[in-house]
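The values are calculated or read from the model by the stated rules, or taken from the named source; none is laboratory data. Values in this document were obtained by computation on a predicted structure and should not be read as measured data. Positions of Cβ are generated from backbone atoms using ideal geometry, with glycine treated the same way; all protein chains shown enter the neighbour counts. Surface accessibility is based on the protein's heavy atoms, side chains included, excluding ligands, DNA and RNA. Shrake-Rupley method; radii C 1.70, N 1.55, O 1.52, S 1.80 Å.
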Amino acid sequence: MQKNFNGKLVKEWVIERCIYLSGIASIIFVGLIFIFLAKEGFSLFKTVSVSDFLLGQKWYPISTPAQFGILPLIVGSLYVTLGATIIAVPIGIASAVYIAEVAPVKTREILKSGIEVLAAIPSVVLGFIGMMTLVPWVKNTFHLPTGLTAFSGALMLAFMAMPTIVSIAEDALNAVPKRYKEAALALGATRWQAIWRVIFPAASSGILAAVMLGIGRVIGETMAVMMITGNAARIPNSLFEPVRTLTATVAAEMGETVRGSDHYFALFAIGIVLFIITFFINLIADLAVHRKLK
Amino acid sequence: MNPIIQTRNLNLFYGTFQALHDISIDIESKMITSIIGPSGCGKSTLLRVFNRMNDLLEDVKVEGGVFIDAKNIYEPGVDLVELRKKVGMVFQRPNPFPLSVAENVLFSVKIHRTAAFKEYGDILEQSLRAVDLWDILKDKLKTSALNLTLEQQQRLCIARLLPVKPDILLMDEPCSALDPIATAHIEELMDQLKVNYTIVIVTHNMQQAARVSDRSAYLYLGDLIEYDSTEKMFTIPKDRRTEEYLAGKFG
Ligand SMILES: Nc1ncnc2c1ncn2[C@@H]1O[C@H](COP(=O)(O)OP(=O)(O)O)[C@@H](O)[C@H]1O
Ligand SMILES: [Mg+2]
């Protein structure tokens with residue numbers, strides 16, 4: 001009996017340590033990544049000023065003299081991200097509402113597994129499909145010289161963000177206690193009034209988190225945008241022109257740079273910018289989730 | 001006698017399980033009627049027939065007639081919104097919306113558009129006064145209803161029903177989540193409200209039924225065993241099963 005008890009204690013201790021170590025490890029890894037990123041990225045600012053980097057309009061990393069202005073890339077990312085958000089958020093939330101509150105049980109199950117499948121498609125596959133179907137469609141529909149535009153990228157990314165938004169928003173809606181809905185219906189509310197006035201506000205922080213995570217996914221996405229946005233590093237006049245995003249730039253150019261060159265450092269500096277953007281998005285999502293009613 | 005709710009040969013089935021058997025009852029206007037009986041005997045089911053909340057469940061079948069103000073509420077084409085404006089419901093567990101106190105009270109007015117914006121202040125005050133919350137909450141109208149005590153939440157849930165001027169208040173064990181003092185307060189409140197409203201209260205607390213109600217109905221396994229003035233039923237029950245239940249032999 002006593003021995004058994006000690007054995008249990010030891011086991012508990014080991015498990016606890018393991019969990020503790022994994023927790024610490026993940027923090028250390030993030031720290032190391034950030035240090036590496038910062039060290040390489042900040043080296044750029046010995047030769048290029050921060051404002052020239054962030055606000056410069058020309059990204060000519062391999063001409064002489066090289067120019068490292070990432071404004072076109074920032075604008076490209078912004079166009080694609082905003083476009084994708086504007087498309088994905090309303091549709092995503094509407095689908096979540098439909099799945100959580102309206103759909104009959106069978107339809108709900110089918111839709112939920114459908115969305116899981118959609119989430120599981122690797123982005124390169126989606127990018128490829130987009131290139132073959134979406135790009136020509138955009139070209140023909142809008143009579144453009146090329147279908148490789150910010151708009152195509154936004155549409156494609158909206159597809160990728162949607163599963164995240166739908167499944168998290170749907171969880172948030174489902175987490176709203178049924179008794180609120182009952183109370184609303186018992187007061188003579190219609191189903192839509194109950195959803196709109198009670199369930200939706202009650203789930204708002206979860207829905208906001210869903211949106212932020214969806215946007216996070218869009219900003220971080222590389223492969224598909226690289227394949228279908230046209231990769232022109234200049235400031236676009238509209239959604240229907242080719243753009244290049246921050247992520248696509250890093251992915252496309254990292255292989256060709258000389259280690260320790262300004263170009264190499266500039267790509268890391270872009271990494272820092274991306275890091276900061278995603279950090280803030282996650283922060284907002286976090287605050288949204290933990291926000292409590294007064 | 002002036003019945004406001006009448007059921008005639010009411011049967012209710014959950015799938016194949018029959019939860020109510022051939023119930024015919026007349027519930028009097030401006031009185032408190034209690035429905036008592038052991039747990040699982042169909043009290044909540046009967047109550048939820050009166051505002052058709054059972055409609056929310058799949059596979060529920062209702063047979064027979066249920067009349068409110070002599071109109072059959074299970075007829076095709078009955079307007080559920082109108083029905084539920086007329087027949088309000090208070091639930092077992094206080095369920096104010098996770099919104100502010102004011103938004104809870106004004107909810108029905110907003111969805112039914114029964115009042116103009118400039119009347120909101122008066123409606124808020126009247127409704128909260130009716131449940132004795134005005135003095136406590138008049139400076140906290142913007143706080144979340146979830147910050148209130150359970151008793152205050154339950155009062156708020158009652159206040160929330162009043163702006164649409166219901167005739168009937170259904171209460172499903174409204175005090176079972178409350179302590180004895182809060183329970184006494186709610187019972188007092190019911191006594192005040194019965195001047196203006198018909199109240200049907202479900203309770204498995206016989207003392208509560210005896211204290212608050214004018215008439216009592218005893219349900220057992222989905223059958224209406226006895227229905228009489230509370231005084232008569234609690235002093236000289238007609239049915240042996242009622243007698244046994246009241247004597248605390250089971251339940
Ligand atoms: N949604 C439901 N589906 C199937 N059976 C139910 C449902 N709700 C209640 N019942 C059954 O109907 C009977 C009466 O339930 P209920 O009205 O809740 O009893 P009470 O309120 O008196 O405790 C019980 O046997 C219960 O198991
Ligand atoms: Mg019950």
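The table below gives the values:
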read-out: Centre separation in Å (Cα based) which lies between the stretch B:138-198 and the stretch A:250-294; value: 53
read-out: Added length on full extension, which subtracts the Cα-Cα distance from 0.36 nm per residue, residue A:251 to residue A:86; value: 56.9 nm
read-out: Heavy-atom accessible area, 1.4 Å probe, ligands and nucleic acids excluded: residues of the stretch A:186-228 down by at least 50 Å² from chain alone; value: A:186, A:187, A:188, A:197
read-out: Rounded if a/c under 1.5, otherwise prolate or oblate - the stretch A:212-294, Cα gyration tensor axes; value: oblate
read-out: Carbon and sulfur %, accessible surface of the stretch B:1-87 computed with the full protein complex present, 1.4 Å; value: 49
read-out: Gyration tensor (alpha-carbon) shape descriptor, chain A, a/c threshold 1.5; value: oblate
read-out: Long-range amide H partners of residue B:97 with built H, under 5 Å; value: none
read-out: Candidates A:32, A:111, A:144: whichever shows maximal mean-square fluctuation once chain A is modelled as a Gaussian network with Cα springs under 10 Å; value: A:32
read-out: Total formal charge among the other residues, if their Cβ is under 14 angstrom from that of residue A:18, Lys/Arg +1 and Asp/Glu -1; value: 0
read-out: Phi to ³J(HN,Hα) by Karplus 6.51 cos²θ - 1.76 cosθ + 1.60 over the stretch B:95-110, Hz, x for Gly, Pro; value: 10, x, 5, x, 10, 6, 4, 4, 5, 5, 5, 8, 3, 5, 4, 5
read-out: Inter-label distance, nm, simple model (7 Å from Cα along the C-beta direction), residue A:34/residue A:196; value: 4.4
read-out: Within the stretch B:40-68: backbone nitrogen closer than 20 Å to the residue A:178 label point (7 Å, Cα to C-beta); value: B:40-62
read-out: Dipole of chain B, positive end: most advanced residue of B:198, B:184, B:120 [Cβ charges, Cα centre]; value: B:120
read-out: 5 angstrom amide H check on residue B:226, placed H, neighbours 5+ away; value: B:218
read-out: Members of the stretch B:63-97 that become less accessible by 20 Å² or more once partner protein chains are added (1.4 angstrom probe, chain alone as reference); value: B:81, B:84, B:91, B:93, B:95, B:97
read-out: Chain A, relative contact order [Cα under 8 Å, separation at least 6], %; value: 26
read-out: The stretch A:208-239 versus the stretch A:41-110: alpha-carbon centroid distance in Å; value: 4
read-out: Surface accessible to a 1.4 Å probe, per residue, for the residues of the stretch A:51-293, Å²; value: 47
read-out: Percent of beta bridges antiparallel (DSSP, the stretch B:167-251, rounded to nearest 5); value: 55
read-out: Total accessible surface hidden between B and A, rounded to 100 Å², 1.4 Å probe; value: 2000
read-out: Antiparallel DSSP beta bridges within the protein assembly as shown, percent to nearest 5; value: 60
read-out: GNM flexibility winner over chain B from B:92, B:208, B:192 (Cα, springs under 10 Å); value: B:192
read-out: Cα gyration tensor, the protein assembly as shown - rounded (a/c under 1.5), prolate or oblate; value: prolate
read-out: Inter-label distance, nm, simple model (7 Å from Cα along the C-beta direction), residue A:290/residue A:19; value: 2.0
read-out: For A:177-185, mean number of other protein chain Cβ atoms within 10 Å; value: 6
read-out: Among B:42, B:15, B:77, residue whose mean-square fluctuation peaks in a GNM of chain B (springs only between Cα atoms under 10 Å); value: B:77
read-out: Lysine pairs within the stretch A:51-293, Cα separation less than 30 Å, 8 or more sequence positions apart or different chains; value: 8
read-out: Loop-resident sites, the stretch B:20-79, for GluC sites (Glu not before Pro), counting at most 10 other Cβ within 10 Å (DSSP); value: B:58
